Amino acid sequence: RGILSCPKQGCTQVCRSSGDLARHLMVLGHHEPSFPCVWCGKRFTREDALKRHRVRVKACPGWVH
C-alpha cells in the first residue's frame with residue numbers, strides 16, 4: 001500500500017492501492033463505457049455500476065425488484 005497517482009495526463013486522482021487505481025482508470029473520463037443495459041441502452045464503464053442501475057433505477061424496464 002502507498003500513494004499511487006493516476007497516470008493520465010491532467011488527472012489529479014491519487015489512490016492507496018493498485019486495485020483502487022485500476023478501478024479509477026475505468027471511470028468515464030478514462031475508459032469508454034462497455035457494459036450496456038439491454039433494456040434501456042444506458043452504458044456503464046463498470047459491471048458493478050450496471051448491476052446497481054438494474055437494482056436502483058425503477059424507470060428502467062429491466063428493473064429488478
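Taking the convex hull of the alpha carbon atoms in the chain, what volume per residue do you get, in Å³?
On the way: hull volume 6.0 nm³, N = 65.
Spread over its residues, the Cα hull of the chain gives 93 Å³ apiece.
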Below 8 Å between Cα atoms, with a sequence gap of 6+, how large is the relative contact order for the chain in percent? 19
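Looking at the chain, which trypsin sites (Lys or Arg not before Pro) are DSSP coil and have at most 16 other C-beta atoms within 10 Å of their C-beta? Don't jump to the answer; show the numbers that get you there.
Numbers: sites: R1, K8, R16, R23, K42, R43, R46, K51, R52, R54, R56, K58; in loops: R1, K8, R16, K42, R46, K58.
Of the trypsin sites (Lys or Arg not before Pro), the ones in loops of the chain whose Cβ has at most 16 other Cβ atoms within 10 Å are R1, K8, R16, K42, R46, K58.
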In nm, to one decimal, how far is the Q13 label point from the R43 one, both placed 7 Å along Cα→Cβ? 1.8
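How much of the accessible area of the chain, probe 1.4 Å, is carbon plus sulfur, in whole percent?
Numbers: 2660 of 4970 Å².
Summing carbon and sulfur atoms, their accessible area is 53 percent of the total for the chain.
Using R₀ = 22 Å, calculate the FRET efficiency as 1/(1 + (r/R₀)^6) where r is the Cβ-Cβ separation of S34 and A59; round to 0.05. Intermediate values should be presented prior to the final figure.
Numbers: r = 23 Å, r/R0 = 1.02.
Calculated transfer efficiency: 0.45.
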Select from the chain those chymotrypsin sites (Phe, Trp or Tyr not before Pro) which occupy a DSSP coil region and have at most 14 other Cβ atoms within 10 Å, ordered by residue number. W39, W63
In degrees, nearest ten, helix 47-56 long axis to first principal axis of the chain (Cα): 40
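The values are calculated or read from the model by the stated rules, or taken from the named source; none is laboratory data. Predicted model only: the values in this text are computed from it and were never measured. Neighbour counts run over all protein chains shown; Cβ positions are idealised from the backbone, glycine included. Each accessible area value is taken on the protein alone, full model and side chains, heavy atoms only, with ligands, DNA and RNA left out. Shrake-Rupley method; radii C 1.70, N 1.55, O 1.52, S 1.80 Å.
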